[in-house]
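The values are calculated or read from the model by the stated rules, or taken from the named source; none is laboratory data. Everything numeric here is computed off the predicted structure, so don't read it as measured data. Note: ideal-geometry Cβ built from the backbone for every residue, glycine included; neighbour counts use all protein chains shown. For the accessible areas, the whole protein counts, side chains as well, though only heavy atoms, and no ligand, DNA or RNA atoms are used. Shrake-Rupley method; radii C 1.70, N 1.55, O 1.52, S 1.80 Å.
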Amino acid sequence: TRQGGVSAGLYSSLNCGYGSGDSPDNVRENRRRVAETFGRTEPDLLTLYQIHSTEVLTIDSERWVSPGAPKADGLVTQRPEVVLGVMAADCAPVLLADGTAGVIGAAHAGWKGALTGVVEATIAAMEKLGARRENVRAAIGPCIGRESYEVGPEFPARFLEQDEANAAFFRPAARAGHSMFDLAGYLVHRIARTGVAVEATGHDTLAASEDFFSYRRNTLQGVKDYGRGLSAIALEE
């Protein structure tokens, strides 16, 4: 959640995004606290400059300093000394693990990444490290919920062009011509089709203001910046 950090005001309190206007020192301390929960140090926590792509990086001995992270939206590794992190403030973080093979992954899935297959690309990268999809478990973390995600008239067409059955993830909004989109439900459907077992936490980042940052909530309130939440995964050493 957003609780347990040192940031104040708009970024209160566990803001882990250097891309925000928060003090970098605060962000670094917040990230250190996250890494510490895994028994790791702040440089061991690897996050990306997320660009809503299907690019996935395989981590061996690489390290980088954030800010300055590479541009991609997925990470996989079989190294127990690193923590893989996904930043989100309405987009869906997806964490994956094959406990038998000792391979983990993390993906950032906004609507664009979900539609174009960032999670499938992450699963494929895990398989190259020895994971077997029938052994992989996926968790979809807090993201904007179906009761909060209103989209415009042109939005559903992208999903219906892919598969007319995707109409199941839309329902009419109160505003004429608009729809409510179930991002987590769509991701559950996509991931389950790969043969990977998947569950979603069911948290709505827009609605649960005390626990989660939300880009859309701030935008609706006329606030131009927002904190970034972090979902993370590591292998036991």
Residues whose placed amide H lies under 5 Å from that of GLY5, excluding near-sequence neighbours
SER13, LEU14
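Tell me what the chain gives for mean residue ellipticity at 222 nm when only DSSP H runs of n ≥ 4 count, each as -39,500 (n - 2.57), the sum divided by the residue total, rounded to 500 deg cm²/dmol.
-7000 deg cm²/dmol
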Cleavage-rule hits (GluC sites (Glu not before Pro)) in the range 15-75: DSSP loop, at most 12 neighbouring Cβ within 10 angstrom:
GLU62
Out of the DSSP beta bridges found with both residues in the range 103-237, what percent are antiparallel (nearest 5)?
50 percent
State which helices in the chain qualify, where a helix is a whole DSSP H run, it must extend 15 Å or more along its own axis by its Cα atoms, and its mean Kyte-Doolittle hydropathy must be at least 0.5.
118-128, 183-193
Computed from these coordinates, which is semi-axes √(5λ) of the Cα gyration tensor in Å: (i) 27, 24, 13; (ii) 90, 10, 10; (iii) 34, 24, 19?
(i)
Contact order normalised by residue count of the range 85-160, Cα under 8 Å, 6+ apart, percent:
36 percent
Most fluctuating residue given options GLU42, GLU81, GLU210, as computed from a GNM of the chain linking Cα atoms under 10 Å
GLU210
Hey, any idea what % of the range 1-143's accessible area is carbon plus sulfur with a 1.4 Å probe?
51 percent
Express as a percent, rounded to the nearest 5, the fraction of DSSP beta bridges in the range 27-104 (both residues included) that run antiparallel.
30 percent
Can you give me the Cα centroid spacing of the range 46-78 and the range 106-172 in angstrom?
19 Å
Using a Förster distance of 41 angstrom, determine the FRET efficiency expected from the C-beta separation of ALA165 and VAL223, and round it to 0.05.
0.65
For VAL103, the residues 5 or more places away or on another chain with a placed amide H closer than 5 Å to its own amide H are ASP98
The range 1-112: relative contact order from alpha carbon pairs under 8 Å, six or more residues apart, as a whole percent, is 19 percent
Taking Lys and Arg as +1 and Asp and Glu as -1, residues besides THR116 with C-beta under 12 Å from its C-beta add up to 0
I'd like the Karplus ³J(HN,Hα) series for the range 61-75: coefficients 6.51, -1.76, 1.60, θ = phi - 60°, whole numbers in Hz, and an x wherever there's a Gly or Pro.
10, 5, 9, 8, 9, 9, x, x, 6, x, 8, 5, 9, x, 9
DSSP bridge pairs, the chain: antiparallel proportion in percent, nearest 5:
70 percent
Cα gyration tensor category, rounded, prolate or oblate, for the range 135-237 with a/c compared to 1.5:
oblate
Restricting the range 134-182 to GluC sites (Glu not before Pro) in coil, as DSSP defines it, with at most 10 other Cβ within 10 Å
GLU154
What is the range 1-51's relative contact order, in percent, from Cα pairs under 8 angstrom and six or more apart in sequence?
24 percent
Among MET87, MET180, MET126, determine the one that fluctuates most according to a GNM of the chain built with springs between C-alpha atoms less than 10 Å apart.
MET180
With the other protein chains left in place, how much accessible area per residue, in square angstrom, belongs to the range 1-111 at a 1.4 angstrom probe?
40 Å²
Charge tally for neighbours of GLU134 with beta carbon under 14 Å away, counting Lys, Arg as +1 and Asp, Glu as -1, is +2
Heavy-atom accessible area per residue - the range 137-237, 1.4 Å, Å²
54 Å²
